[in-house]
Every structure is written in structure tokens, then in C-alpha cells.
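The values are calculated or read from the model by the stated rules, or taken from the named source; none is laboratory data. These numbers come from a predicted model, not from an experiment. Here the Cβ positions follow ideal geometry from the backbone for every residue, glycine too, while neighbour counts run over all protein chains shown. With ligands, DNA and RNA removed, areas are computed over all heavy atoms of the protein, side chains included. Shrake-Rupley method; radii C 1.70, N 1.55, O 1.52, S 1.80 Å.
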Amino acid sequence: MNQEWRPEEYTNGFSFVYQYGEDILSLVDLPRGAFCLDLGCGNGALTQKLAERGYRVLGIDGSPAMVAKAKADYPALDFRQGDARTFSLEEGADCIFSNAVFHWIDEADQPALARNLYRNLKPGGQLVCEFGGKGNTGTILSELGRQLEEQGIRYRHGFYFPSLGRHAALLEEAGFAVGAAWLFRRPTPLSGGEEGLRRWVQMFAGGQLGTLPPQNQERVLAGLEEALRPRLWDEQKHCWVADYVRLRLQAERKE
Ligand code: BEZ
């Protein structure tokens, strides 16, 4: 899926993405000195956390702008640009860690992704990942679709948000043993007060919106806010709360 990443805006306005990712670091069970790949490392914030745990780390991201930001912020660490479906490591990893990445990869490419993860792990190596699960941000995306359709655009969000059973089966087919898996709702407060929902849409789901003239974009965003206010606006905290659902998995390469 094509997505234009704006590293400064992501780091300043959407820090929750990697801050929540800190929760899953505790699933990485490795001795100090083990080699851990942070796949889809973004701005490198979690790669740094993995390094602080004593691992040898490498961050790979598909976005050259994000890799440049990660290198600038963490010059002591190793980052490179690469595609999750095709990257190839010189040394098999003890662990591949990945937060909030796999839902960006088309469903048709998920088997190739799983096989590539397998190929790049040592036998017995761990996969620890979290991404959007079934129903993720469904309230926002279905209303966005309705609003875009009123402006003559047919909307299909295109994200991969699988059920737990479906993704676990896909990993097993690629040769993994799934040790643990969770699907859970994680209502997520957005920063930016009143502007938070529109900023989120513009950052993460705004591809087709951007094809409309500015006044029609404004109609979509205002219509979205009006329709979702009763369900997603928290008056006390004065913020929008996105209906995130996370799928978290821990698996091991057999052989
Ligand atoms: C997510 O991280 O869950 C997400 C990203 C983009 C669009 C929708 C959800």
C-alpha cells in the first residue's frame, strides 16, 4: 500500500504508535547480545528501546524519509531501507520484532511476507509482532467511506486487519509455531483536541481524500466529525478516541 510518511509530524503528533509499542517489547525473550531486527522501524524509537535491552539491533523501514529520521535521531544504531516482503539479512535474526506495520501490506502479499520473515530468522528464532486486527478503526473507516461516497468516491480502505485465527494459520503455513496470540480492543486517545480526528485521517487514511478539491475535503472531514462525535468524542478529556483493535502474536520458526 502506498503511503507518504512525514517523519516530523509522525514523531510529534502520533507518538502513541511507538509508545504503545513499548508494551510488546516485554514479549521479546532473548539473552543480551542476541540479534534483533526491528521491521518497519519508523523513526527508530523502538529500535533504540531494543538496543537498551542489550540486543544487537538493525532497523529496516520501507520509507527513505523515516530511515533518514531514525539515523539522525539514533546515529549509533544501524538502519537501512528495505521492503518487508523481500529484504534479506546476511545473518539470520534471533528475533524479528514489528509494531504497527503488517496492516500496511496488502492481503495478497501476506503469504510472501510470512515466508520472508521465516527465511530471515535463525531456526528457533522468534517473531514478535503487533498490528491492526479484525475491526480495527472500523467506526472511523466505515464513516469515512460513507462521506467519500457522498462526494462521488468509491472507498475501499485496503488495510489488512485479519482475525486472530486467520493470521495464526497463515504463519503456521509459512513454518511458524504460534506460541501466543491476543486480539483486543485498545481505544486510543488522539492528540490535537478538536483537530485530532481530521489529523489522524489525513496522516493515515487520507489517500483518496487528497484527490478531492479543498472544499469537498472539508465537507468530508466536517461530516465525519459530526457523525462520529456521539461515539468517539470524549468531552471530559477533550479528545477523539479512535477504536483501535490490536492483534499481537508471538511465534517461533520451527526448524
Ligand atoms: C493502525 O495503526 O491501527 C492504523 C493505521 C492506519 C489506518 C488505520 C489504522
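Between Glu255 and Glu107, what length in nm is gained on full extension when 0.36 nm per residue of separation is reduced by their alpha carbon distance?
Going from the current span to full extension adds 50.7 nm.
Just to confirm the number: angle between the C-alpha axis of helix 164-173 and the first principal axis of the chain, 0 to 90 degrees, nearest 10?
That helix lies at roughly 40 degrees to the long axis.
Using only the Cα atoms, what convex hull volume per residue in Å³ does the range 106-255 have?
Dividing the Cα hull volume of the range 106-255 by its residue count gives 121 Å³.
Would you mind telling me which residue in Asn120, Asn99, Asn12 has the biggest mean-square fluctuation in a Gaussian network model of the chain, where springs connect alpha carbons within a distance under 10 angstrom?
Asn12
At most 10 other C-beta atoms within 10 Å and a DSSP loop state: those are the exposed trypsin sites (Lys or Arg not before Pro) I care about. Give me the longest piece of the chain that has none.
33-153
How large a share of the accessible area of the range 1-137, in percent, is made up of carbon and sulfur atoms when the probe is 1.4 Å and the other protein chains stay in place?
Answer for the range 1-137: carbon and sulfur cover 47 percent of the accessible area.
Sticking with the crude label model, points 7 Å out along Cα→Cβ, report the distance from Arg119 to Ser163 in nm, one decimal please.
A separation of 3.1 nm, rounded to one decimal place.
Shape of the chain from its Cα gyration tensor (a ≥ b ≥ c, root eigenvalues): rounded if a/c is under 1.5, otherwise prolate when a/b > b/c, or oblate?
Here the chain falls in the prolate category.
Calculate one ³J(HN,Hα) per residue across the range 28-42 by plugging θ = phi - 60° into the Karplus curve 6.51 cos²θ - 1.76 cosθ + 1.60, and present them in order as whole Hz with x for glycine and proline.
Each residue's phi maps through the Karplus curve to give 7, 10, 9, x, 4, x, 5, 9, 10, 9, 9, 8, x, 6, x Hz.
How much FRET efficiency would the formula 1/(1 + (r/R0)^6) give for Gln81 and Ser26, where r is the Cβ-Cβ distance and R0 is 45 Å, rounded to 0.05?
Plugging the Cβ-Cβ distance into 1/(1 + (r/R0)^6) gives 0.95.
First measure r as the distance between the Cβ atoms of Arg154 and Gln215, then evaluate 1/(1 + (r/R0)^6) with R0 = 22 Å and state the FRET efficiency to the nearest 0.05.
Plugging the Cβ-Cβ distance into 1/(1 + (r/R0)^6) gives 0.60.
Tell me which residues come under 5 Å, amide H to amide H, from Leu121 once H is placed; ignore anything under 5 positions away on its chain.
Here Ala93 satisfy the definition.
At 7 Å along the Cα-to-beta-carbon direction for both Arg185 and Met1, put a label point, then send me their distance in nm to one decimal.
2.2 nm
DSSP loop (so not H, G, I, E, B), at most 15 other Cβ within 10 Å: list which GluC sites (Glu not before Pro) in the range 31-103 pass both filters.
Sites meeting the loop and neighbour criteria: Glu90, Glu91.
Please give me the summed charge of the neighbours of Arg6: other residues whose Cβ is under 13 Å from its Cβ, Lys and Arg +1, Asp and Glu -1.
-1
Treating the angle as unsigned and between 0 and 90°, give the value, to the nearest 10°, between the Cα long axis of helix 64-73 and the longest Cα principal axis of the chain.
So the helix axis and the longest Cα principal axis differ by about 70 degrees.
May I ask you to give the solvent-accessible area per residue for the chain, in square angstrom, as obtained with a 1.4 angstrom probe?
Each residue of the chain exposes 46 Å² on average to a 1.4 Å probe.
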